[in-house]
Amino acid sequence: MPDQLTATKVAEAAPFSIPALADLALFTPDWTLLESNHVVGFNSRHISSRPFSLLRSQLVKRMKARNHQLVGVTSPAPGAGKSFLTANLAATLSRLPNHVVHVFDLDVRRSSLAANYGLMGEVGFERFLAGETDDLRRIGRHVEGTNLALYPCYSNDLETTPLLAGERFSAFVASLRTLPEDHLVLFDMPPVFANDDAMVVAGQIDAYLMVIEQGRNSQKQVKDAIRLLDPADCIGSVLNRYDGGVGDPYGYGYGAYSKYTDYFSKGD
C-alpha cells in the first residue's frame, strides 16, 4: 500500500513523462559542423573549450549550493550570444560523470539549438508546448556517446506567451522537478527585452544565467533586465565576446580567465 501511495503522488506531481536517455532516438553529431558552428564544449582538449569548462565548474558549484536543478540562460537583448553559450555549456556539462543533462529550447520564435547542433526534424518542443503531442520521445535526441538529451524547436509561427504562461508549461516544469538529483536541466530562454516570455519562464525555474555582450549591452540594460526577472535568482552573469583574450579564433576571450570569474557575479 505505501508503494502505491508513493507511485500515485509521483504521478500527480509528474503529469508528463520525462524520457530516459535510452528511450530517445540516438543522434550522431557531425563534428565538422559543430566545429564550424563553434560548438567546442564536447572536446576538453580544444583550447577554446576552456572557458566553458570553467563556467561549468562555477555554475554546478552554485547550483548544488543553492539546491537548484532547473537553470535558464538569457540575455538582455537578442544577439548577445546566449544560444551559442547554451550549446557549449550543454556540451561541457555532458562531460560530467554520473549526471544526466536535459536541454530545452524555450526561445520558440528564434530557436537555434537545432541549427547549432545540426538537428533536423518535423516535431519540435514547440509542438509539445502547443499541446499537439505529450510524447517527448518524439522530440528529444540523445547525443551519442554522452549523457546529453536535446529538445529543440523547429521553425514555427506560434504565439509564444500563451504556450509559456499556461498550465501546461507549469505542469511540465513540475514534472521536471521529479527527476533525480543527478539530472540537470538547462533552458535556452528568450531574451528579456524581446517580449515578456523570459519573465514568464523565470517565474517557473530555479535560477538564470545572464549573458552580456561587451560593447552592446549597457549597464542600465543589464540592471533593468535583472529587475524585470526579479525575484528569480540570477545565479551569475557571463561577459561574452570579451576582446581582451589572446589567440582565440572565436573572439571568446578564453585567455583572460579573470574576466570570466570577475564577471561571473553572485547576482545578489
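Couplings 3J(HN,Hα) of the range 114-120, computed from phi: 4, 5, 5, 9, x, 7, 9 Hz, in residue order, whole Hz [Karplus 6.51 cos²θ - 1.76 cosθ + 1.60, θ = phi - 60°; x for Gly and Pro].
Taking the three principal axes of the alpha carbon atoms in the range 24-263, the coordinate ranges are 48, 40, 35 Å, sorted in descending order.
For the range 24-263, lysine pairs with C-alpha atoms less than 21 angstrom apart, excluding pairs fewer than eight positions apart on the same chain, total 7. Quick check on the range 92-217: take the gyration tensor over C-alpha atoms, sort the square-rooted eigenvalues as a ≥ b ≥ c, and tell me if it's rounded (a/c under 1.5), prolate or oblate. Rounded, since a/c falls under 1.5. The relative contact order of the range 107-160 comes to 48 percent, based on Cα pairs under 8 Å that sit 6 or more residues apart.
The value of relative contact order for the range 24-263, using C-alpha pairs under 8 Å at least six residues apart, is 26 percent.
When peptides 122-128, 93-99, 234-240 are ranked by their average number of other Cβ atoms within 10 Å per residue, the highest-first order is 234-240, 122-128, 93-99. Summarising the amide proton neighbourhood of Tyr154: residues at separation of 5 or more, or on other chains, whose placed amide H is nearer than 5 Å comprise Gly124, Phe125, Glu126.
Taking amide H atoms as placed 1.01 Å from N in the peptide plane, the amide H of His183 lies under 5 Å from those of Val100, each 5 or more residues away in sequence or on another chain. Taking packing as the residue-averaged number of other Cβ atoms within 10 angstrom, the listed peptides 207-214, 25-32, 66-73 run from highest to lowest as 207-214, 66-73, 25-32.
Amide H contacts for Gly72 (H built 1.01 Å from N in the peptide plane; partners 5 or more residues away or on another chain; cut-off under 5 Å): Phe187, Ala207, Tyr208, Leu209. Rounded to the nearest whole Hz, the Karplus-based 3J(HN,Hα) values (6.51 cos²θ - 1.76 cosθ + 1.60, θ = phi - 60°) of the range 76-93 follow the sequence x, 9, x, x, 7, x, 5, 6, 4, 5, 4, 4, 6, 5, 4, 5, 6, 5, with x at glycine and proline.
Read-outs: derived from the displayed coordinates by stated rules, not from any lab. Remember, predicted model here, so these are calculated numbers, not experimental data. Reconstructed Cβ throughout: ideal geometry from the backbone, glycine too, with neighbour counts over all protein chains shown.
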